[in-house]
1. So is Ile193 out of contact with any helix residue (DSSP H, G or I) (no Cβ under 7 Å at 6 or more places or on another chain), without any contact (Cβ under 8 Å) to a residue 40 or more places away in the chain and open to solvent by 30 Å² or more (accessible area, probe 1.4 Å) or not?
2. Do you know which residues across segment 25-58 are open to solvent by 70 Å² or more (accessible area, probe 1.4 Å) and either of a type outside the set (Lys, Arg) or assigned to a strand (DSSP E or B) (or both)?
3. Among what's in segment 120-173 and is touching a strand residue (DSSP E or B) at 6+ places or on another chain (Cβ under 9 Å) and of a type in the set (Ser, Thr, Tyr), pick the residue that is surrounded by the fewest Cβ atoms within 10 Å (Cβ to Cβ).
4. Just wondering, is there one or more residues in segment 90-99 that are surrounded by fewer than 19 Cβ atoms within 10 Å (Cβ to Cβ), out of contact with any strand residue (DSSP E or B) (no Cβ under 8 Å at 6 or more places or on another chain) and of a type outside the set (Val, Ile, Thr)?
5. Cβ-Cβ under 7 Å, sequence separation 6+ or interchain: first residue in segment 254-266 and farther than 16 Å from Phe66 by Cα and touching a residue at least 40 places away in the same chain (Cβ under 8 Å), partner in a loop (DSSP other than H, G, I, E, B) and among the aromatic types (Phe, Trp, Tyr). Which pairs?
6. Of the residues Thr79, Thr72, which is over 26 Å from Gln43 (Cα atoms), touching an Asp or Glu at 6+ places or on another chain (Cβ under 7 Å) and not aromatic (Phe, Trp, Tyr)?
7. With open to solvent by less than 30 Å² (accessible area, probe 1.4 Å), of a type outside the set (S, T, N, Q), within 21 Å of the chain's Cα centre (by Cα) and under 27 Å from Ile232 (Cα atoms) as the only criterion, which of Phe78, Phe82, Phe66 stands out?
8. Over 25 Å from Glu180 (Cα atoms) and touching a strand residue (DSSP E or B) at 6+ places or on another chain (Cβ under 7 Å), is that true of Ile57?
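The values are calculated or read from the model by the stated rules, or taken from the named source; none is laboratory data. These numbers come from a predicted model, not from an experiment. Heads up, the Cβs are rebuilt from the backbone with ideal geometry, glycines too, and the neighbour counts pull from every protein chain shown. For the accessible areas, the whole protein counts, side chains as well, though only heavy atoms, and no ligand, DNA or RNA atoms are used. Shrake-Rupley method; radii C 1.70, N 1.55, O 1.52, S 1.80 Å.
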Amino acid sequence: MIRFFLKILVVTFIGSFTTSAQSVLQYRLNIGDSITILQKATQNIVRHEQGSAHKIINNLEENYTFKVSDKTDSTYTFTFHFNQFKLKTTSNKFGVMVDVDTDKPVNEADTEGKIFGGLTNSELEIVMSNSGKIIRVSGAEKMISNMINLSGVQDEFTKQLMIESMKSEFGNESLSKSFEQLTHIYPKQKVSIGDTWTNEYTGEINAINTWKLEKITDTIVLNAQSTLSMIIEDEFSNLLLKGKQNIVVIADKKTGFINEMTVNAEASNASDLNESQNNPTKITSTTTYKIK
């Protein structure tokens with residue numbers, strides 16, 4: 001299963017009474033603050049294989065809550081909980097490949113549905129700096145264990161294989177990188193309207209982002225232009241994809257959390273690292289995040 005461009009993005013403004021002055025962009029939250037995000041994403045994958053196009057569409061909906069449980073002068077600790085996970089994957093060759101909705105009763109034979117139900121029965125702890133850098137994610141091991149236990153799989157060897165496979169997407173380290181791609185957007189220096197700054201994300205997707213502070217009124221508006229690279233591996237090929245991404249953020253001036261955010265991304269393969277296959281591949285996606 002391919003999962004890209006997931007989770008949340010946040011900005012805040014602490015500063016002067018005039019938009020022309022320099023400002024510090026960082027989170028400003030209080031213990032007990034609770035923010036629920038509704039995320040929707042559509043991803044289109046077109047891969048040409050032996051002269052024919054294999055088209056895959058991923059439709060994802062997630063609903064999750066961040067709650068501030070502790071804070072220091074420079075960090076925030078969140079409890080994180082998935083409220084709903086919904087994913088439908090369709091293919092022009094194979095029809096419906098995945099159809100999961102944790103809000104619906106799970107059929108006894110639906111192993112995938114049982115597994116993803118474990119997401120909503122688990123809780124993570126996230127420690128983040130006030131600039132958005134993810135310091136630590138914990139609780140992923142228990143979450144993965146819940147997901148595997150709910151699957152109904154009894155064979156221990158199979159369970160261990162599933163656990164190792166799921167760590168690549170749901171392990172503490174991979175989740176940390178995933179969250180950071182959507183939170184670590186702040187510059188180290190003070191900025192004024194029109195100023196730009198850059199940062200870099202690593203993980204399933206590597207991105208170099210150039211951010212711009214567009215304006216500050218009752219909200220904060222940011223825009224980012226990004227260059228992307230990612231590797232998709234399967235039994236037949238090892239594709240290097242490169243592309244671009246645009247991010248628009250409208251954030252709450254008081255708390256810093258987004259009111260809404262839109263991410264448009266596009267990538268295509270620059271090369272096949274195996275040098276033995278030629279499978280032109282293109283991925284386009286649109287992801288939106290809104291306060292629920």
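1. Answer is no for this residue.
2. Hits for segment 25-58 are Asn30, Ile31, Ser34, Lys40, His48, Gln50, Gly51, Lys55.
3. Step by step, filter segment 120-173, then rank; the result is Ser138.
4. yes
5. That search, which allows pairs on different chains as well, returns Val263/Phe5; Ala265/Phe5.
6. Within the list Thr79, Thr72, the selection yields Thr79.
7. Phe82
8. Yes: the conditions hold for Ile57.
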